[in-house]
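One structure is given here, and the rest of the page talks about it.
Nothing in this text is a laboratory measurement; each read-out follows from the coordinates by a stated rule. This is a predicted model, so every value here is computed, not measured. Neighbour counts run over all protein chains shown; Cβ positions are idealised from the backbone, glycine included.
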Amino acid sequence: MLEIRDLHVKVEGEEREILKGLSLKIPKGEVHAIMGPNGSGKSTLAYVLVGRDGYEVTKGDILWNGESVLEMEPEERAAKGIFLAFQYPIEIPGVAGLTFMRSALNAVRKTRGEAELTTPEFMKLIKEKAHKLNIDMEMLKRPVNVGFSGGEKKRSEILQMEVLEPSLCVMDETDSGLDIDALRIVAEGVNAMRSKDRAMLVITHYQRLLNHIVPDRVHVLADGRIRKSGGANLALELEKSGYAEFQEEAA
């Protein structure tokens, strides 16, 4: 289970808090969605979960499977099964996608005390998973995300997620920049990973993604705190009414 307790976060070197007492629980086997207006702290939450530099936790805790991750480096969190799909995946010139994914997978396996995959074993695995996501193997021979379309970048990230098989999947606005066909393919990849042993957090502005990835719970994040929680229908309500009432409450 992911358990976030009264989390307060600010950017290092600044005084203004972004997260102002956020509390949330996501049991394994469930998919939760966080929706909210711009500037509410959605991406900050995603970054803090994986330990990105530049943010300071001033109060509260983050527990994954009952263990605090706040003092862990990002690579330690990855070894514990925490994965973030970025809103804007970064480019890595000079590093082929296949090389990147094999190195990442074997690094995680080594940390967990598992045997590294040989090249033939890895290629068999990657071909099977790439085919499901409509990814051509030639695309994976190119430098990571360099010259990729928005849809290619997102499919590549979902492929990384499927290869690494994390137990906590955090997706920061995965639908950003996707057309209808790319959105469907990405959503199918995410849905294929739903499991009783895996928790998922989907961060999005829009309800359209949740037509494809139907969440167990929806939470509204505004002004750094969870303002309302409900079932999947809450996303439909937000699509009609927007976030005005929550922004007014925060003010």
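For the reader, a short list of remarks on this structure follows.
- Scanning residues 5 or more positions from Leu19 or on other chains, those with amide H under 5 Å from its amide H are Val9, with H placed 1.01 Å from N in the peptide plane.
- Peptide packing for 135-141, 58-64, 45-51 was compared via the average number of neighbouring C-beta atoms within 10 Å per residue; ordered from the highest value, the list is 45-51, 58-64, 135-141.
- Working ranking of peptides 166-176, 80-90 by packing, defined as the average number of other Cβ atoms within 10 Å per residue, highest first, is 166-176, 80-90.
- Straight-line cross-link partners of Lys129 among the lysines, defined as a Cα under 19 Å from its Cα and at least 8 positions apart when in the same chain: Lys141, Lys153, Lys154.
- In Hz, Karplus ³J(HN,Hα) per residue of region 182-194 (6.51, -1.76, 1.60; θ = phi - 60°; x = Gly, Pro): 5, 4, 5, 5, 5, 5, 4, x, 5, 4, 5, 8, 4
- Peptide packing for 67-73, 178-184 was compared via the average number of neighbouring C-beta atoms within 10 Å per residue; ordered from the highest value, the list is 178-184, 67-73.
- With contributions of -39500 (n - 2.57) from each DSSP H run of at least four residues, the per-residue ellipticity at 222 nm computed over the chain stands at -11000 deg cm²/dmol.
- Length-normalised contact order for region 2-250 - Cα pairs under 8 Å, 6+ apart - percent: 29 percent
- Under a model in which nothing but the beta-carbon of Lys, Arg (+1) and Asp, Glu (-1) is charged, the chain shows a dipole of about 620 debye around its Cα centre.
- Point-to-point label distance, Arg109-Ala244, nm (Cα→Cβ direction, 7 Å offset): 5.5 nm
- Residues of region 89-122 with amide N under 14 Å of the 7 Å Cα→Cβ point at Lys141: 96-99
- Remark: the Cα gyration tensor places region 23-138 in the prolate category, a/c being 1.5 or greater and a/b exceeding b/c.
- When each of Lys127/Lys240; Lys42/Lys80; Lys127/Lys228; Lys127/Lys196; Lys80/Lys124 is checked by Cα-Cα distance, pairs over 32 Å: Lys127/Lys240; Lys127/Lys228
- Taking 7 Å steps out from each Cα toward its Cβ at Thr58 and Lys228 produces label points 2.8 nm apart.
- Region 8-55-region 89-111 distance, computed between alpha-carbon centres (Å): 26 Å
- Per-residue 3J(HN,Hα) values for region 209-215, derived from phi via the Karplus relation 6.51 cos²θ - 1.76 cosθ + 1.60 with θ = phi - 60°, read 4, 7, 6, 9, 10, 7, x Hz in sequence order (x marks Gly and Pro).
- Shape category assigned to region 169-251 from the gyration tensor of Cα positions, a/c cut at 1.5: prolate
- Amide H within-cut-off set for Val218, under 5 Å, with H built and near neighbours excluded: Ala33, Gly230, Gly231
- The chain: angle of helix 97-111 to the longest principal axis, Cα-based, in degrees nearest 10: 70 degrees
- Relative to one another, the C-alpha centroids of region 186-244 and region 121-183 are positioned 21 Å apart.
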